[in-house]
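Nothing in this text is a laboratory measurement; each read-out follows from the coordinates by a stated rule. Treat the numbers as computed from the prediction; the structure is a model and nothing was measured. Because the Cβ atoms are built from the backbone with ideal geometry, glycine has one as well, and the counts that use them run over all protein chains shown.
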Amino acid sequence: MKNHKVALWGGTAIGFVATGLTMSWAFLGAILGYWLGFVNTLWLYRDTVSGMELDTLTALQKMRRSFFARLGLMVLVVALIGRFHAEWLLFLALGIAAGLIVSLELMIGHLLKQGKG
């Protein structure tokens with residue numbers, strides 16, 4: 001999980017540097033989206049690992065509740081950003097995509113290295 005921390009803080013630092021260089025506050029939306037993408041992926045991973053010990057029906061119910069909770073969190077953040085800082089929405093979407101891609105890539109690489117993939 002060390003790679004996750006490095007990627008998370010490295011991406012955050014890049015966002016802050018971009019904000020400082022361009023003097024555009026919209027990059028803060030990208031930082032928020034990047035964090036949101038990471039949180040979404042790590043939440044999914046945690047629920048998947050904890051659901052492996054459960055029977056199939058209980059695991060499916062837990063994953064469904066988790067899916068709607070994660071979807072609700074994403075909708076809430078997008079709605080709040082759209083309401084108060086509409087100019088950040090494009091950067092928020094790009095940040096979410098970057099956070100999801102980077103964290104999934106790291107997680108898949110970690111699982112393949114352990115031989116569980």
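Checking the cross-link filter: which lysines have an alpha carbon closer than 17 Å to that of Lys113, excluding same-chain neighbours under 8 positions apart?
Lys2
Mind listing the Cα extents of region 2-114 along all three principal axes, in Å, largest one first?
52, 35, 14
Pull up the cross-link candidates among the aspartates and glutamates for Lys62, meaning alpha carbon to alpha carbon under 15 Å and not fewer than 8 places away within one chain.
Those aspartates and glutamates meeting the cut-off are Asp47, Glu53.
Under 8 Å for C-alpha pairs, at least 6 residues apart: give me the relative contact order for the chain, rounded to a whole percent. Write down the numbers at each step before the final one.
On the way: 103 pairs, mean separation 45.9, N = 117.
In percent, rounded to a whole number, it is 39.
With no solvent and one point per C-alpha, what does the Debye sum give as log10 I(q)/I(0) for region 9-62 at q = 0.14, 0.19, 0.24 Å⁻¹?
-0.52, -0.66, -0.84
Quick one: if you stick a label point 7 Å off each Cα along the C-beta vector at Lys113 and Met63, how many nm between them?
Result: 2.6 nm between the two label points.
Determine, from the Cβ-Cβ distance of Leu76 and Glu105 and an R0 of 22 Å, the FRET efficiency 1/(1 + (r/R0)^6), rounded to the nearest 0.05. List each step's numbers first, then the result.
Values: r = 26 Å, r/R0 = 1.19.
With a Förster radius of 22 Å, E is 0.25.
Please arrange Ser66, Ser103 by counting, for each residue, the other beta carbons lying within 10 Å of its beta carbon, fewest first.
Ser66, Ser103
Near Lys5, which aspartates and glutamates are there with a Cα under 14 Å away, not counting those fewer than 8 places off in the same chain?
By straight Cα distance, Lys5 reaches Glu105.
Rounded to the nearest 20 Debye, what is the dipole magnitude of the chain about its Cα centre when Lys and Arg each give +1 and Asp and Glu each give -1 at the C-beta?
Dipole size: approximately 200 debye.
Which of the GluC sites (Glu not before Pro) across region 38-110 are loop residues per DSSP, with 12 or fewer other Cβ within 10 Å?
The qualifying sites are Glu53.
Measure out, as a whole number of angstrom, how far apart the alpha-carbon centroids of region 37-83 and region 100-115 sit.
18 Å
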